[in-house]
Amino acid sequence: MSADFLPYGRQSVVEEDIEAVAEVLRGDWLTTGPGVKRFEEGLAEYTGGTPTVAVTSGTAALHVAYYAAGIEPGDEVVTSPMTFVATAATASLLGAKIVFADVEEDTANLDVAAAKAAMTSRTKVVAAVDYAGHPAELGQLHDLAHEAGALLLEDAAHSVGGSWQGRPVGSIADLTTFSFFPTKNLTTAEGGAVAATSDELLRRAFSFRNHGLVRDKSAQRFPDEGAWHQEVHEFGLNYRLPDVLCALGISQLRRLTAFKLRRAEIHARYNAALADVDGVRTPVTRPGADPMWHLYPLRVLGGRRHAMFDHLRAAGIGVQVNYIPVYWHPVFADLGYRRGMCPNAEAFYAEEISLPLFPSMTDDDVDRVVDAIRTFAG
Ligand SMILES: *Cc1c(COP(=O)(O)O)cnc(C)c1O
């Protein structure tokens, strides 16, 4: 797609995917059918066998996960400000107080010491984000949360298919959430999922996805009402991912490993080509990390990020900035959150620019981006 606009991310959809969706459209089950479980089981092959619950978006997945964790008004959630607003917004909607802890200077992932310092007796969840697809310090964060009687939630919207110290993303945190938005690593158009490592968390996630409906007679209060009967014990929502979209997901999962390899190749090509360019800093990979690179976060030094962004956009290169620190959003500012509270996140934001990265990019596309950066830097 050389001469045209190069987006920062885009889906990879092939005829096989289209066929899979069309087949479901011709069948009996557009939603609530057998394709949902098939997608959940297929996804679990990439979470080390941890069971998953398919939902309508990554945002719904976070809402479901915080509900499953039992978040209520008065609870605190310690999280990273270097993420999409949904990581915090969904916990806020359940009444939690969000406590932002700063990120590591190099990876922009939640810093263990900062998270520890932010915890109180009211902390119910520590929510880490695998920024750009590089897993957070999941082992240490898991222990930190559990020592305080809290749970670890991992927002893995960027990192499905990645692993940390040999363990797949989805198998470490108590609750792991995924997004299948088109720019992410695999897509169902809109969609998401929650992986849960305990039966009780899994049950609560299934319940919230489907109105809290109880169909199992042995669990019902009025089991003799009739064969039609189902009852609600706790409120929930309709966050069901339809079979039509699960079919796309099942088909995409077959190429997840190929997506990961191509993303890693592009990432490595950028790293090699940009290593000796003055005024930029390339991303790190920590020992133990096997990232699923969703973003290529380049750092532009010397206060030139904004100018670089405009230069690349003018050249038809669809760069992005991920993310403004979440507490800069007016909704948090209005609640009294002040700028300056997480200096590493703010410094990272001031330098960050996400270069185009998606599996169907050619090497020529990558070189075109590199050339445009060199033109600016030189
Ligand atoms: C994309 C994303 C979400 C939200 O996912 P949607 O599917 O767009 O609702 C949440 N957290 C992070 C880190 C994301 O990148």
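Cβ separations smaller than 7 Å between residues 6+ apart or across chains give the following pairs from the range 226-244 residues that are among the charged types (D, E, K, R) to residues that are in a strand (DSSP E or B): Glu231/Val214; Arg240/Asn210. Counted as qualifying within the range 260-378 are no helices (runs of 4 or more DSSP H), as none has 3 or more residues that are within 16 Å of the ligand (Cβ to nearest atom), modelled with pLDDT of 95 or more and surrounded by fewer than 22 Cβ atoms within 10 Å (Cβ to Cβ).
I'm trying to understand the selection: among the residues of the range 26-38, which are surrounded by 14 or more Cβ atoms within 10 Å (Cβ to Cβ) and not in a loop (DSSP other than H, G, I, E, B)? Hits for the range 26-38 are Gly35, Val36, Arg38.
Here is a yes/no grid of residues against (1) part of a loop (DSSP other than H, G, I, E, B); (2) within 16 Å of the ligand (Cβ to nearest atom); (3) of a type outside the set (A, V, I, L, M):
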position: Thr87; (1), (2), (3): no, yes, yes
position: Ala113; (1), (2), (3): no, no, no
position: Ala117; (1), (2), (3): no, no, no
position: Gly139; (1), (2), (3): no, no, yes
position: Leu144; (1), (2), (3): no, no, no
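Against the numbered list (1) more than 13 Å from Asp155 (Cα to Cα); (2) in contact with a helix residue (DSSP H, G or I) (Cβ under 7 Å, 6 or more places away or on another chain), Thr120 comes up short only at (2). Evaluate the following for Thr107: is it within 15 Å of the chain's Cα centre (by Cα), among the hydroxyl-bearing types (Ser, Thr, Tyr) and not in a strand (DSSP E or B)? No; evaluated as a whole, the condition is false for this residue.
The number of residues in the range 176-188 that are near the ligand (Cβ under 10 Å from one of its atoms) and within 11 Å of Gln252 (Cα to Cα) comes to 3. Among the residues that make up the range 242-264, is at least one of them over 27 Å from Gln11 (Cα atoms) and outside the structural domain of Pro359 (by TED's automatic domain parsing)? Among the residues of the range 242-264, not one is over 27 Å from Gln11 (Cα atoms) and outside the structural domain of Pro359 (by TED's automatic domain parsing), which makes the answer no. Every listed requirement among (1) within 16 Å of the ligand (Cβ to nearest atom); (2) touching a residue at least 40 places away in the same chain (Cβ under 8 Å) is met by Leu152 save one, (2).
Glu41 meets the conditions (1) assigned to a helix (DSSP H, G or I); (2) more than 14 Å from the ligand (Cβ to nearest atom); (3) buried (at least 24 other Cβ atoms within 10 Å of the Cβ) in every case but one. The failed one is (3). A residue that is in a strand (DSSP E or B), more than 10 Å from the ligand (Cβ to nearest atom) and closer than 13 Å to Gly58 by Cβ cannot be found anywhere in the range 129-137.
The values are calculated or read from the model by the stated rules, or taken from the named source; none is laboratory data. Not measured: the values here are computed from a predicted model. Note: ideal-geometry Cβ built from the backbone for every residue, glycine included; neighbour counts use all protein chains shown.
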